[in-house]
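The values are calculated or read from the model by the stated rules, or taken from the named source; none is laboratory data. Keep in mind the model is a prediction, meaning the values are calculated, not measured. Note: ideal-geometry Cβ built from the backbone for every residue, glycine included; neighbour counts use all protein chains shown. Surface accessibility is based on the protein's heavy atoms, side chains included, excluding ligands, DNA and RNA. Shrake-Rupley method; radii C 1.70, N 1.55, O 1.52, S 1.80 Å.
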Amino acid sequence: PQGESDRSQINTWLEAINAQAKRASETVRRVRQFVQKSEHPRGPVNLNQLAGEVAALLRHEAQAQNIVIVLQLAEDLPPVQGVGALLEQVVFNLVRNAMDALQQQPGERRIVLITAFDAERVYVKVSDTGAGIDPARGEHIFDSFGTTQAGSGIGLAISRSIIEAHAGTLGYVANPEGGTTFMFSLERETA
């Protein structure tokens with residue numbers, strides 16, 4: 001009968017969703033475990049260099065989507081202590097999310113990648129001209145599956161775990177002119 005067939009199909013879908021949820025949860029758990037272990041080589045990391053590498057890596061794809069990536073890098077940016085490959089992954093995730101946010105956006109499609117610093121911290125900001133984040137989503141966007149984008153939604157959860165493991169913070173603000181700016185900050189290396 002038709003009803004049994006429908007129930008069977010729904011059960012199959014629910015099992016697949018459950019399997020994906022478990023896989024993503026396990027991925028986040030492994031990444032958190034990875035970044036919390038102290039044996040990973042930490043050293044001075046140049047965030048300007050990472051920002052430039054990520055922009056170069058994504059520039060071709062961005063151009064194909066009529067997205068402009070602009071770099072506004074602070075001169076004499078002090079290094080931070082960290083695992084370069086992991087911090088690069090965070091910058092990559094933030095720029096990639098900004099590109100996703102711009103996919104359906106008419107008008108200007110622009111991502112600005114900014115570095116800055118003060119006496120204690122170094123900042124990386126990724127600002128886009130997308131539709132912005134629904135305020136009702138709040139901090140839930142950092143939960144696994146807390147995304148409105150296609151994809152698994154674990155990128156922001158992993159990014160926050162990496163930044164917190166580096167004793168930093170990751171958050172976002174709505175841009176007054178539209179779009180969103182994600183920003184992380186880390187302690188600057190002291191001479």
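The largest accessible area among Ile17, Ile69 belongs to the first residue in Ile17, Ile69, and the rest follow in falling order (1.4 Å probe, all chains). Scoring 174-181, 125-132, 51-58 by mean Cβ neighbours within 10 Å over their residues and listing the highest first yields 125-132, 51-58, 174-181.
With the gyration tensor restricted to C-alpha atoms of segment 47-120, the semi-axes of the equivalent ellipsoid amount to 24, 13, 10 Å, longest first.
When peptides 107-120, 84-97 are ranked by their average number of other Cβ atoms within 10 Å per residue, the highest-first order is 84-97, 107-120.
Return the FRET efficiency for the residue pair Glu164, Ile17: r is the Cβ-Cβ distance, R0 is 35 Å, and the value is rounded to the nearest 0.05.
Numbers: r = 28 Å, r/R0 = 0.80.
Result of the calculation: an efficiency of 0.80.
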